[in-house]
Amino acid sequence: MDFKDAYKWVNIEFMLEGFLVTLEVAAAAIALSFLVGCVAGTIRYMKIPVFSPIAAFLVELVRNLPLLLIIFFTMFALPEVGIKFGVVQSAIIALTVFESAMISEIVRSGLNSIPKGQVEAGRSAGLTPFQTLWHIVLPQGLRRMVPPLVSQFISLLKDTSLAVIIALPELMHNANIVIGHNFQTAIPALMLVAVLYFVVNYTLSLVSRRLENRMA
């Protein structure tokens with residue numbers, strides 16, 4: 001194991017540059033998938049004619065496809081019909097599509113977990129379906145969604161490593177290049193990769209616990 005070569009500043013800087021790309025892609029995908037997932041989950045929860053069945057079909061379709069296939073489709077299939085994105089954009093779009101389906105199920109389950117009696121009470125008090133959702137169901141549902149949402153965001157961050165297959169210059173991609181120059185740096189380089197992933201994901205877990213405690 002060549003720790004000296006693996007931890008030369010030029011190698012550490014190169015891997016940190018890849019980690020920055022990982023965080024940027026993950027942050028963009030988290031924001032977009034949360035918005036899309038909330039909308040899709042709410043549409044399914046409200047059982048809107050036409051829209052709810054379409055949303056359900058799309059969610060189930062995406063949930064039952066491997067993320068790697070969606071990444072390949074975004075990067076290589078869409079250009080065949082004239083829709084072309086760069087590597088970073090392709091990774092963000094693929095992750096957003098996949099994670100939106102997962103988040104929509106979390107949102108739908110969180111909303112469905114609220115007792116029907118509270119919904120009926122809101123409607124009997126003169127609130128519209130949307131007002132009942134906004135003032136009664138959603139505030140309580142969000143508290144229950146926090147743990148699974150954070151777990152999904154952690155999974156999303158780790159899933160960015162799959163984009164190495166399309167040469168996204170993220171953490172694992174750059175670590176592989178470092179290792180390729182000297183195979184004796186494999187263990188030290190991968191140890192650094194593991195530490196970086198652990199620090200961010202563990203921080204997200206701590207934030208999740210604090211949010212749960214404050215909401216409780």
Work out the count of Lys pairs in the range 3-215 where the Cα-Cα distance is under 29 Å, with the pair 8 or more places apart or on different chains.
-> 4
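In whole percent, what relative contact order does the chain give with Cα contacts below 8 Å and a gap of six or more residues?
Dividing the mean separation by the residue count of the chain yields 32 percent.
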Simple spin-label model, 7 Å along Cα-to-Cβ: Leu142 to Ser124 in nm?
-> 2.7 nm
Whole-Å distance, taken between Cα centres, linking the range 1-41 and the range 177-202 = 13 Å
Theoretical ellipticity at 222 nm over the chain - DSSP helices of four or more residues, -39500 (n - 2.57) apiece, nearest 500 | -25000 deg cm²/dmol
Summarise the accessible area of the chain (1.4 Å probe, protein heavy atoms) by the percent that is carbon and sulfur.
-> 70 percent
Percent of alpha carbon pairs in the range 78-175 separated by more than 19 Å?
-> 58 percent
Expected max-MSF residue from Pro188, Pro148, Pro115 in the GNM of the chain (alpha carbon, under 10 Å) is Pro115
Amide N proximity, the range 137-178 versus Val207 label position 7 Å along Cα-to-Cβ, cut-off under 15 Å = 146-158
Per residue, how many Å² of accessible area does the range 3-215 show with a 1.4 Å probe?
-> 54 Å²
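The values are calculated or read from the model by the stated rules, or taken from the named source; none is laboratory data. Bear in mind that the values here come from a model prediction, so they are computed numbers and not experimental data. Quick reminder, even Gly has a Cβ in these numbers, built from the backbone with ideal geometry, and neighbours come from all protein chains shown. In case anyone asks, the SASA skips ligands and DNA or RNA and just uses the protein heavy atoms, side chains included. Shrake-Rupley method; radii C 1.70, N 1.55, O 1.52, S 1.80 Å.
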